[in-house]
1. 5 Å is the cut-off here: which amide hydrogens, built 1.01 Å from N in the peptide plane, fall below it relative to residue 103, excluding neighbours closer than 5 in sequence?
2. If you plug each phi of the range 164-171 into the Karplus form 6.51 cos²θ - 1.76 cosθ + 1.60 with θ = phi - 60°, what whole-Hz ³J(HN,Hα) values come out, in order, with x for Gly and Pro?
3. By per-residue mean of other Cβ atoms within 10 Å, what is the highest-first order of 133-145, 56-68?
4. When the Kirkwood hydrodynamic radius is evaluated over all pairs of different C-alpha atoms of the range 44-86, what value in angstrom, to one decimal, is obtained?
5. Per-residue counts of other Cβ atoms within 10 Å, averaged by peptide: what ranking do you get for 32-42, 148-158, highest first?
6. Could you compute the net charge surrounding residue 94? Neighbours are other residues with a C-beta less than 14 Å from the C-beta of residue 94; K and R count +1, D and E count -1.
7. Each residue of the range 51-68 in turn: what ³J(HN,Hα) in whole Hz from Karplus with 6.51, -1.76, 1.60 and θ = phi - 60°, glycine and Pro shown as x?
8. Where does the range 68-171 land on Rg(C-alpha)/(2.2 N^0.38 Å)?
Amino acid sequence: MPERDAGLAGGGARAQAVLLARRAGEFLLRQGGPQVAVLELGGWDSHANQAAPQGALANNLKLLDASIGALRESLSGSATAWSRTVVLVVTEFGREVAVNGTMGTDHGSGGAAFVLGGAVRGGRVIADWPGLAPKDRFEGRDLRITTDLRAVFKGVLHDHLRVARATLDTTVLPGSSTVQPLE
């Protein structure tokens, strides 16, 4: 593995995420190979010491960065692969706004999604910012959800992979016909 991967905290199974991202890129480059790869990185449930420079959150962010870098590096084996690539980084749940007694955050409702890659018209933040004041929070504690993640998925699947809207609404994301794709 490249030297930049060697400093990842946890080594072993954690470093396997970087290797897996690299291998995913290699599979995506194969003639007649897959068009989509799904990778999962666990360990984000940071209830304690969330701001610690060498804590779980910081280490996971470093690992995410290294994994995306490995994917991009592996796709650079083709002159155009990265320029045609879209990467979605999404979370399955959000975090509470307020820090808890152990200097972490508890499960909440609002989260974030990142869309990146060579095929992405970047440099934008797409959000309806509700604010963090207690009166602006969902149930007084959580970041208010303003965007349905299905809209993000629909935008990428339709615009980038040309999946038909009807297929998205009924098969890929059943019951989502009222959710408009983000562009």
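The values are calculated or read from the model by the stated rules, or taken from the named source; none is laboratory data. This one's a predicted model, so the numbers in the text were calculated from it and none came from an experiment. Note that we place each Cβ from the backbone using ideal geometry, even for glycine, and neighbour counts take in every protein chain shown. SASA here: full protein model, heavy atoms, side chains in, ligands and nucleic acids out. Shrake-Rupley method; radii C 1.70, N 1.55, O 1.52, S 1.80 Å.
1. For residue 103, the qualifying residues are 49.
2. Whole-Hz 3J(HN,Hα) from phi for the range 164-171: 4, 4, 4, 5, 4, 5, 10, 10.
3. For the peptides 133-145, 56-68, the packing ranking is 56-68, 133-145.
4. Numbers: mean 1/r = 0.0833 Å⁻¹.
Hydrodynamic radius (Kirkwood, Cα only) of the range 44-86 equals 12.0 Å.
5. Ranking the peptides 32-42, 148-158 by packing returns 148-158, 32-42.
6. After counting each charged neighbour, the total is -3.
7. Values, residue by residue: 8, 4, x, 10, x, 4, 5, 4, 5, 5, 5, 5, 5, 4, 4, 5, 5, 5 Hz.
8. Working: Rg = 17.2 Å, N = 104, 2.2 N^0.38 = 12.8 Å.
That works out to 1.34 for the range 68-171.
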